[in-house]
Amino acid sequence: MARVQLVKRPRRWDEPFGRARVPATLVDSILARSVFRDVEEKDFPDDLALRDIIANDARILKLARGEVVFAQGDFGTSLYLVLNGSARRSSVPASRRTSKRGLAEEQKSRFRRLLATIGRGSKPNDSDAVCANGVELEFPKAQFRRNQIFGVVEALTRSARAATVTANAHETILLEIRWPGMRELLHWSDNFRDRIERLYRQRSLEIGLSESPLLGHLGHDTLRTIAGDCAFETHGSFDWTHRYQREVVAESGGAAIGAHEPVILEQDHYLDDLLLIRSGFARVTEKLDRGERTLGYLGGGDTFGLTEIVESSYGARLQRSQRCLRAIGYADVIRVPVNIVKKFVVPTLPLGTLPDSMLLAEQPAADQSLLDFSVDNRFVNGTKAMAIDTTRCVNCDDCVRACASTHNNIPRFVRHGPIHDKLMVAHACMHCADPVCLADCPTGAIHRDATSGTVIIDEKNCIGCASCASACPYDNIRMEEVRNPDGAFQIDEDGAHILRATKCDLCSGQSGGPACQRACPHDALIRVDVGDLKTLSDWLDNAP
Amino acid sequence: MGGVFRNVAITGAGIAILYWLVGLYDTALRDPRFMDGWILLAGIAVQLAFHFRKRRPESRAGQVSSWMTIHIYAGYFVIAAFLVHTDFAMPDSLFEWSLWALFVLVALSGVVGAYLSRTIPGKLDQGATRVTLESIPAMRFKLAGEVDALALDSVDTVGSQAISEFYVDRLRGYFRRPRNLLAHLRGSRRPLTRICNEIDNLERYVGEPGTDTLDSIKGLVVAKNDLDIQYAHQGLLQAWLFLHIPATYCLIVLSVFHVAIVYAYSSGAP
């Protein structure tokens, strides 16, 4: 009979976010701030009291001038409130982005030929202001003062920080609220949710415009003017994973999944705006007989409709969209009116050398079925998916053994998964661009490494609630029964096993990269960004 | 493909240099067998290094796939070195015969294994869904239970003895263990066709009510056939290693013994 050890079942706030709980007097002072003034304590349930949330899911940061709160490109899902002093925001303008989508090369030249007919563009004149529609925006905020909040966009979208924030006063004091606490505040307080949503839309618009490779070169004032005419929209839902699992896959078996995705722009509709994808993913399709053929997909930083707008710039009539755009799960979109694009963007387009990110969906996919497989299963979300070439894999399980030997004899993946042709996407954490598993964790145990973005689980903080495992749309997180160092199973007073979430951590902390990939003798396994379909396709085609 | 040409070129160059060295020793009236013997032993040591690299996944000494490539091409070099060392002659004592036979066994199993590792994985996905070798017995047991239940039900629901008799005569044994493995390795579909024809022939006895049962049974037979295909190919992928690895260890022991004997009876400097 297996030996057991009786232990107390871990609970949510056994480990507060800071070294200790935020003292009660300080919580009172925080709740008196304007940000929380209209957050009602009575809206929260007894076991999730507002004061407990602040005390356990928040911590105080005391910083000297110049100290970094977070750096541009870091990953983090905390929200920050300036309690004292101020913080300064600075960012390096986004250079040309590497797009994530599967598109072939041929039609790039088509677009370049089109550009060549346009002639050389001229630099925009920043003084050419477009009339704002009266909407007041806090565009680009350089400084966060007392009682102001920052970090909203990244916390909600689980994305990399768009700017570096440093303390800007001699004694800057910040309240950092980790994601689980923020989620509860958003869930239970309508007022707080409304405020955060307003901020989210506003700042997403700011960041989206300033980061766009098309508009980022424009001056501060021009961008502010443009922002007044732009619209920010969210299509789909942040909680896409649950609906995807419960309804879409169950109903259609994944076959006609595209029809369930919310439409952002219909094919043949007039293209009034250039669409900038701010975050999430969108599928580009075109009608084919009675269905829709996927042409590619867009991720954060990509644009849609530029070709049509450029064409219409030199024709008399407004262009219709030649393709349809649908949100895969959710997609945040900024609509930039056509007249602004024609005025500020078209004249600046460099002759024949547009970045790939501007050429989205111009080309048919090189491998249509691979594209369909990747997009339908939403593997495009994966930045480090485990791809196995089944024509090379001899089932030797060296990858599994290597994983086990580097993780206390418990492998962190299952060498099995959906297969398309000779590609198997194994059940190993893909370290998603949008890791939805983070959303429901009550302790923040599952999080992204601040610098690499790798999704990892802090074993100390995992309470075994399995919310991450059930949220993962790809079934890549497992619950394991915890043993003590002597090998005895840990059980609670009711006799139930203590569980802990476990998943691939890309062998973080070990040199050389993932052991599974290094251990494969037949070059049959790679960790790959599925968004980069060309790399994946090349790897599959180049069997030794 | 470029990588293959490069590797073949390097291996060929290595073998050419070995021949040149042997010729040089011959010209100098020195016995080249000490020199090519040590080269052969060094080649075997390189082969062994692959094994140790595989056993240490945390090692930073390159990807195992790179070591595998070295293992394969160095293996061809070692075969050439062996032929040079033996002077293309057959052994003439029991000990040498043992050494020779072991080397041939290791080399042949290695070459065949490399070939199987390249060719079999592609066959695993043709038709049937790939399953792990370990899960096959459980899946086969489940199929056997389902066909058993269908045969039993057919007595009551269809009122047919033909199905139950066919089950006892043909299907029970078919589902009990892997069947027709050699035929599957050859890629032959004859065993499946034969049993399906036999099932089709039963339709004349069972009439319309039993047709559904026979269709279900046929589906299970096809599923079992797919499992057998997986079992045959995956089993072969693992089986060759059971020949290659133990023979390698024996070869190493005898080789060390061989070197000790050679130096014990050598007359001095070669």
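If the reach is capped at under 20 angstrom between alpha carbons, list the aspartates and glutamates near residue B:218, excluding any in the same chain fewer than eight residues apart. Filter leaves B:146, B:148, B:153, B:156, B:165, B:169, B:198, B:200, B:203, B:208, B:226, B:228.
A simple rule links phi to the HN-Hα coupling: the Karplus curve 6.51 cos²θ - 1.76 cosθ + 1.60 with θ = phi - 60°, which for segment B:57-68 gives x, 7, 4, 9, 7, x, 6, 4, 5, 5, 5, 5 Hz, with x for Gly and Pro.
The residue list B:209, A:341, A:235 was ranked by how far each Cα lies along the charge dipole of the protein assembly as shown toward its positive end, using unit charges on Cβ atoms, and A:341 comes out on top.
Dipole magnitude for the protein assembly as shown: about 1740 debye, using +1 per Lys or Arg Cβ and -1 per Asp or Glu Cβ, origin at the Cα centre. Name the shape class, rounded, prolate or oblate, that the alpha-carbon gyration tensor gives for segment A:1-76, where a ≥ b ≥ c are the square roots of its eigenvalues, rounded holds for a/c under 1.5, and otherwise prolate holds if a/b is larger than b/c and oblate otherwise. Because a/c hits 1.5 or more and a/b fails to exceed b/c, segment A:1-76 counts as oblate. Surface composition of segment A:172-232: carbon plus sulfur atoms hold 46% of the accessible area, using a 1.4 angstrom probe and ignoring ligands, DNA and RNA.
The 3J(HN,Hα) values that the Karplus relation (6.51, -1.76, 1.60; θ = phi - 60°) gives for segment A:191-196 are, in residue order, 5, 5, 4, 4, 5, 5 Hz. Gly and Pro appear as x.
Remark on residue A:429: its backbone amide H falls under 5 Å from those of A:504, a criterion applied only to residues 5 or more positions apart or on other chains, H modelled at 1.01 Å from N. What you get for segment B:112-242, charging only the Cβ of Lys and Arg (+1) and of Asp and Glu (-1), is a dipole of about 880 debye around the Cα centre.
For segment A:389-435, the share of accessible area belonging to carbon and sulfur comes to 53 percent (1.4 Å probe, ligands and nucleic acids excluded).
If you take every DSSP beta bridge fully contained in the protein assembly as shown, what fraction is antiparallel? Give it as a percent rounded to 5. Restricted to the protein assembly as shown, the bridges split so that about 95 percent are antiparallel.
Pairs from the table (A:384/B:142; A:384/A:422; B:54/B:123; A:534/B:123; A:8/B:142) lying more than 29 angstrom apart at Cα are A:384/B:142; A:8/B:142. Can you tell which of A:515, A:539, A:464 lies farthest toward the positive end of the dipole of segment A:421-544, using +1 and -1 charges on the Cβ of basic and acidic side chains (Lys, Arg; Asp, Glu)? Of the options given, the answer is A:539. Label positions at residue B:98 and residue B:126, each projected 7 Å from the Cα along the C-beta direction, are separated by 4.3 nm.
Placing unit charges on the Cβ atoms of the charged side chains and taking the dipole of segment A:450-522 about its Cα centre, the candidate lying farthest along the positive direction among A:488, A:451, A:476 is A:451.
Database remark: amide H of residue A:83 closer than 5 angstrom to the amide H of A:147, A:173, A:174, A:175 (H placed geometrically; neighbours at sequence offset of 5 or more, or on other chains; Pro and chain starts carry no H).
With the simple model of a label 7 Å out from the Cα in the direction of the Cβ, residue B:60 to residue A:143 spans 4.6 nm.
Distance between the 7 Å Cα→Cβ label points at residue B:259 and residue B:205: 6.9 nm.
Report relative contact order for segment B:75-226 in percent, whole number only (criteria: Cα-Cα under 8 Å, sequence separation at least 6). Before the final figure, lay out the partial values.
Values: 69 pairs, mean separation 35.6, N = 152.
Once divided by the residue count of segment B:75-226, the mean separation gives 23 percent.
Around the amide H of residue A:296, modelled in the peptide plane, lie the amide H atoms of A:284, all under 5 Å away and 5 or more residues distant in sequence or on another chain.
Kindly identify segment B:61-125 as rounded, prolate or oblate by the Cα gyration tensor criterion: order the square roots of the eigenvalues as a ≥ b ≥ c, call it rounded if a/c is under 1.5, otherwise compare a/b with b/c, prolate if a/b is larger, else oblate. Cα axes put segment B:61-125 in the prolate bin. Per residue, chain B exposes 57 Å² of accessible surface when a 1.4 Å probe is rolled over the protein heavy atoms with every protein chain present. Within the accessible area of segment B:1-152, the carbon and sulfur atoms contribute 70%, probe 1.4 Å, all protein chains present. Here the Karplus curve 6.51 cos²θ - 1.76 cosθ + 1.60, taken at θ = phi - 60°, turns the phi angles of segment A:447-452 into couplings of 7, 9, 4, 4, 9, 8 Hz, with x standing for Gly and Pro.
Residues of segment B:97-121 whose accessible area, computed with a 1.4 Å probe over protein heavy atoms, drops by at least 50 Å² once all protein chains are present relative to their chain alone are B:118. Taking a probe of 1.4 Å and counting only protein heavy atoms, give the total accessible area buried between chains B and A in Å², rounded to the nearest 100. Counting both chains, the buried surface is close to 1900 Å².
At a Förster distance of 45 Å, what's the computed FRET efficiency of residue B:197 paired with residue A:20, Cβ-Cβ distance as r, to 0.05? That pair, residue B:197 with residue A:20, gives E of 0.05. Partner shielding of A:387-399 amounts to 5, given as the average count of beta-carbon atoms from other chains within 10 Å of each residue beta-carbon.
The values are calculated or read from the model by the stated rules, or taken from the named source; none is laboratory data. Only a predicted model underlies this, so the values are computations on that prediction, with no experimental measurement involved. Glycine also receives a Cβ, built like all others from the backbone with ideal geometry; neighbour counts cover every protein chain displayed. Heavy atoms of the whole protein, side chains included, go into the accessibility calculation; ligands, DNA and RNA do not. Shrake-Rupley method; radii C 1.70, N 1.55, O 1.52, S 1.80 Å.
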